[in-house]
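Q: Please see the structure below; I have some questions.
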Amino acid sequence: MTTQARNIDCEQHGSAPAVFACIHLAQGVGCGYFVDDEHHDDTPRACCAACHTLAAADRDYVPVCSKCAASMQREHSSHGVAGLEAPATDEQLQNFFTACMATAQARNRIIVDQFGMSSGGTWFYDDETATLTTGPADARRMICDVELVGSFSHTMQTWLWAWANGSLPQNRRQRVGRLRTFGDVRGIPIWTQASPFDCDIPNAWGLTLVAAVLLDAEAVYRMPGSEQDWFALLYNVRAPN
């Protein structure tokens, strides 16, 4: 079903739509970006790798302004996703995940060198501001904005995505919710599962590292607890004032 809404301005930029994008591009990340040259008006149509294989009549489009479209194309065509099909093969996913984890680990080393960050060290998470500080209270080393990716249960040995965790406010789940669409387009069941699934600490780190690249985080962090650990993406990493 095609949405015709050229008269609706972008809420963020106040600009009229320049592109009609498939719903996966609007809601996800790393889904591939293809432009359909067979549109019947002056507004181009863009779609993800999955919708690219469908007939035009079967795609669901939403209007996107030019600024959002430029950002959308970058988010869906970078990260090395060009080597992934929809659904992706096991070999493609293995290569992609390996590259993502190496990239995220390299980013973490930069932050560690700059701020002496050590996962599991002295830290404080402010739930109201969604910020993390590290180091002792009288000598804070780092402060950053946080996006929670998921939680690991010690007792159950399971992982639960943050986007599926009803205890978190909806606005705290929107960005990481884009990972679910990535899993849908690329055919990765555990990336779309809304209930806890079997996991261990190494795999929890792996999911977090891949998420960090897809969502362009500066670093990742593990906040250990007595019953569960939270894994987080870090943004705007800086020294405390």
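Each value in this text was obtained by applying a stated rule to the coordinates, not by laboratory testing. As the structure is a computational prediction, the values presented were derived from the model and not from experiment. Backbone-built Cβ (ideal geometry, glycine too); neighbour counts: all protein chains shown.
Q: Pull out the extension gain between residue 154 and residue 128, defined as 0.36 nm times the separation in residues minus the alpha carbon to alpha carbon distance; nm, one decimal.
A: 6.8 nm
Q: Using a 10 Å Cβ count of at most 16 others and DSSP loop calls, identify the longest part of the chain lacking such GluC sites (Glu not before Pro).
A: Here the longest segment lacking exposed loop sites spans 129-226.
Q: Using 0.36 nm times the number of residues separating residue 109 and residue 227, minus their current alpha carbon distance, what extension gain do you get?
A: Using 0.36 nm per residue and subtracting the Cα-Cα distance, I get 39.7 nm.
Q: So how strong a dipole does the chain carry about its Cα centre when Lys and Arg Cβ are +1 and Asp and Glu Cβ are -1, to the nearest 20 debye?
A: Here the size comes out at about 460 debye.
Q: OK, next. Please rank 47, 65, fewest neighbouring Cβ atoms within 10 Å first, as an exposure proxy.
A: By the 10 Å Cβ count, ascending: 65, 47.
Q: Taking the Cα-to-Cβ direction at residue 98 and at residue 171 and moving 7 Å from each Cα, how far apart do the two end points lie in nm?
A: With each label point 7 Å from Cα toward Cβ, the separation is 4.2 nm.
Q: Another question about this same structure. Return the long-range amide H neighbours of residue 219 (sequence gap of 5 or more, or a different chain), with a cut-off of under 5 Å between placed amide H atoms.
A: 234
Q: Using only alpha carbon pairs under 8 Å that are at least six residues apart, calculate the relative contact order of the chain and give it in whole percent.
A: Computed over the chain, the figure is 20 percent.
Q: Then there's this: Under a Cβ-Cβ cut-off of 9 Å, what is the net charge of the residues other than residue 154 that fall near it, where Lys and Arg count +1 and Asp and Glu count -1?
A: Local charge sum for residue 154: -2.
Q: With each label point set 7 Å from Cα along the Cα-Cβ vector, what nm distance links residue 67 and residue 89?
A: Reported label-point gap for residue 67 and residue 89 is 4.2 nm.
Q: Could you work out how much longer the chain between residue 197 and residue 58 gets when fully extended? Use 0.36 nm per residue separation minus the Cα distance between them, nm to one decimal.
A: Numbers: separation 139, 0.36 × 139 = 50.04 nm, distance 3.21 nm.
Fully extending the segment from residue 197 to residue 58 adds 46.8 nm.
Q: To continue, here is another question. What helices does the chain have that are whole DSSP H segments, at least 27 Å long along their own axis by Cα, and with mean Kyte-Doolittle hydropathy of -1.0 or more?
A: Span-like helices here: 90-115.
Q: If Lys and Arg each add +1 and Asp and Glu each add -1, what is the summed charge of the other residues whose beta carbon sits under 14 Å from the beta carbon of residue 112?
A: Within the 14 Å Cβ shell, the charges total +2.
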